[in-house]
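Just so you know, all these numbers are worked out from the coordinates, no wet-lab data involved. Note that this is a predicted model, so its numbers are computed, not measured. Here the Cβ positions follow ideal geometry from the backbone for every residue, glycine too, while neighbour counts run over all protein chains shown.
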Amino acid sequence: MCGIVAGVAQRNVVPILIEGLKRLEYRGYDSAGLAVINGGEIFRKRELGKVKGLEALIAADPIEGRIGIAHTRWATHGKPSTRNAHPHVSKDRVAVVHNGIIENHDHLRAALQENGYVFTSETDTEVIVHKVAEELKAAGNLLDAVGKTVKSLRGAYALGVIDCEQPDVLVACRKGSPLVIGIGIGEYFIASDIAALLPVTQRFIFLEDGDVAELTINGVTIFDEAGRRVVRPVIESQLKADSVDKGKYRHYMLKEIYEQAWAVSETLEGRFIDNRLQDNAFGHNAADVFDQIKSVLILACGTSYHSGLVARYWFEKYARVPCAIEIASEFRYRNPVVAPDTLVVTISQSGETADTLAALQEAKKLGVKHSLVICNAPESSLVRESELVLMTRAGPEIGVASTKAFTTQLVALLMLIIVVGRRFDLSAEKEEHIVSQLFALPGNIEKVLKLDNAIELLSQRFADKHNALFLGRGTHYPIAMEGALKLKEISYIHAEAYPAGELKHGPLALIDAEMPVVTVAPNNNLLEKLKSNIQEVSARGGQLIVFMDEDLAESDAADENVQIVKMPSVANAISPVIYTIPLQLLSYHVAVLKGTDVDQPRNLAKSVTVE
C-alpha cells in the first residue's frame, strides 16, 4: 500500500527518488522519507504529510548521493509520525524501506533488544533493519545479510536495503508485496510500481515471490527463494512518462471518468473476428478450460467485488451457469466447499490485492483446477498466479476511487459471460445482441458524459448532508452499492445502498427531508417494482434523485420531491455500465464542493497489498 523508490546510479539520485515518490502518491500514504549514502555516511530526511513537505525539507537542507532509498508510508504499526516514517536506520550503517507487514515482529524485536538494539519507532519495519545489521556481523556482505534476514521474516514484504560500508550496492527483495526493477544505462532502480520510474526507463524486470536482487551500476543479479541464480525476463513498457499526467483536468479522477469511452474500446479491441469473440482472448488454452467448467466462483474486494456482483446476475440470466461470489478477505477463513470443476475468477485493478491473491491460493489448495484473472496490470502477482488472463487495458488509474477500472471490469466480465455462455444456454442470437451492445458502449458513454454540468448542479443538494441512500434493483443494486462507495470514499458522507425492495424492511425509518435518496431506474422488467419504491420514499418526504431512462415518461416518477436526470436509452445488457457513470460524476462533484482530497482520500490506498 505504501510506495518504494530506490536506485544506484552515476548521478545524484535524489531528484529521481523525489519524482518517483510523487508518482506513487496515488497509492495512499501519511509520511515520506529518503536516505542516501555520501562519503561513507547515511543522510536521511523524513517528514509527516505529503511528498512536497519532504521536498521542501531537502531544498532547505540539501542532501545528495548516487545511491538511495525512498518511501511513502501508510501506517499499519504505529501512528503516522516522523519517527515512524521510513527509511529506518540501524547503527548509522544500514537503512531499509519496507512495504508489507511482518507478522512475527514482536518475537524478533524481543530477541534483538536482548542483543542490545534500541528501537526508536513503533513499526514492524525496524526489526528488519536491526536484523540486517545483526546478520552483517557474520555475513560480511549486504546480499547475504538480507538473504539470511528474510528467512526469519513471517508475513509480506518488499524491501530496499543499503549499507554505508558497501556504498555501491542496493539489495531488493519481495514476498507477497510487489517490486519491480527499472533498467537504465549504467543505472538501476527499484519501485513498487513502474509508474514511479517511467521518467528514467521503460525497461523493467518484475521480481518473483521470494526473489532477492543485488543492484550495482554494473548490473543486476537475481536469486530465487532457494538461493539459485536466475534470469528474469526484461519487459518493455508501452506506457509513457506523461501517461499519468492530469492533462487539462483538475483531478485524476475526473480525467479517468472521461477516459472511459476510450478505455472500454481498448478492452474490446482485437478480441473479435467477424464480430465473434475469440476464446483465445482469455489465453491459448481457454477453449479447453471453458469446455470443462460447470460453475463459476468470483473472488474480489471493494469496487471489484461490485463488478462481480453484477456478473453473477449476468451469468445466471444469460448463460444459465451457477455463479457464486465471495468477498476475498472472508473466503479463506470460511472453510469453503468448492467443486474442482469450478472456474475461479479473480478481479483486481492492480493485480496485487493481498486478500484476493490469498483467496486464489486458498482455492487452489481446495482442489480447484482452473483460474482466470481480470486485471489492469500486466505481470502483476494475480496475473502470474492465474491460468487464464483477460487484461482490461484501462491504462494507469491514479485516483484512489476506481472509475474506468470498474467499467472495464464490467465489460470484461460480460465478454466472459459470452464465451462461457455459448457452452451452456446462450443462443447465437442473444450473443449477437450482446456483442452489438458492447460495440455501441463507447458512444453511449460519451452521451452520458454530456450530463456532467447538470450533475454538477445536482451535487449542491449534498453540500450540507451527512448521510445518503442509494437504491437499485437486479443488476443495478450493485451499481447502487458502487455509487454509495464512491460517495463515502471521496466526500466522507456516510452512504448506504439497498435493494429497493428492502426499503420496507427497515431503511424507510431513515427517510426524511435531510436524507438524499439516489435511485437508478433503467427501463427493464423491474421498473414497475421500482416505481412503487420511489413512491414509498416520496410519500415520507424523502428527497429523491432518479437517473431514469429517457424513453420513460416523467410522470412515472413525477413529484415535487423528485429530481429526474434523463439517461440514454440502452439495452439491459450494458445498462449497469452506463448507469454507474453519473454516480461517479455525482460523487466527484460533491467531493469538490466539500473540499476533500479527491484523488487521495484520507486513510485509503489505491493498491491494498497488505491483509
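Helices meeting the span-like rule in the chain (full DSSP H runs, Cα extent of at least 18 Å along the helix axis, mean Kyte-Doolittle score of -0.5 or higher): 126-139, 302-314, 404-421, 428-449, 476-491, 575-594. Put in order of Cβ neighbour count within 10 Å, fewest first, the listed residues Arg276, Arg109 become Arg276, Arg109. The fraction of all Cα pairs in segment 409-469 landing in successive 10 Å bins from 0 to the largest distance is 18, 30, 22, 20, 11, 0, given as whole percents.
Rank the residues Leu17, Leu485 as a footprinting-exposure proxy: fewest other Cβ atoms within 10 Å of their Cβ go first.
Leu485, Leu17
Taken over the alpha carbons of segment 3-236 as equal point scatterers, the Debye sum produces base-10 log I(q)/I(0) values at 0.08, 0.14, 0.16, 0.17 Å⁻¹ of -0.24, -0.79, -1.07, -1.24. Look at the alpha carbon pairs under 8 Å that are at least 6 residues apart: their mean separation over the length of the chain gives a relative contact order of 12 percent. Calculated [222 nm] ellipticity per residue, helices only, for the chain: -10500 deg cm²/dmol; basis is -39500 (n - 2.57) per DSSP H run with n ≥ 4, divided by all residues, nearest 500. Rg over Rh for segment 363-439 works out to 1.03, both radii taken from alpha-carbon positions and Rh defined as the Kirkwood radius.
From the largest down, segment 196-304 spans 50, 48, 32 angstrom on the principal axes of its Cα atoms. As a rough footprinting exposure proxy, the listed residues Asp279, Asp106 were ranked by other beta carbons within 10 Å of their own, and the order from fewest upward is Asp106, Asp279.
Given a cut-off of 32 Å, name the pairs among Lys148/Lys365; Lys91/Lys175; Lys450/Lys486; Lys22/Lys566; Lys52/Lys248 whose C-alpha atoms lie farther apart than that in the structure shown. Beyond 32 Å between Cα atoms: Lys22/Lys566. The mean of 1/r over all pairs of different alpha-carbon atoms in the chain, once inverted, gives a Kirkwood hydrodynamic radius of 25.5 Å.
Cross-link partners of Lys430 among lysines, defined as those whose alpha carbon lies under 16 angstrom from its own and excluding same-chain residues fewer than eight positions apart: Lys317. Extent of segment 320-407 along its three principal axes (Cα atoms, max minus min coordinate, largest first): 37, 28, 23 Å.
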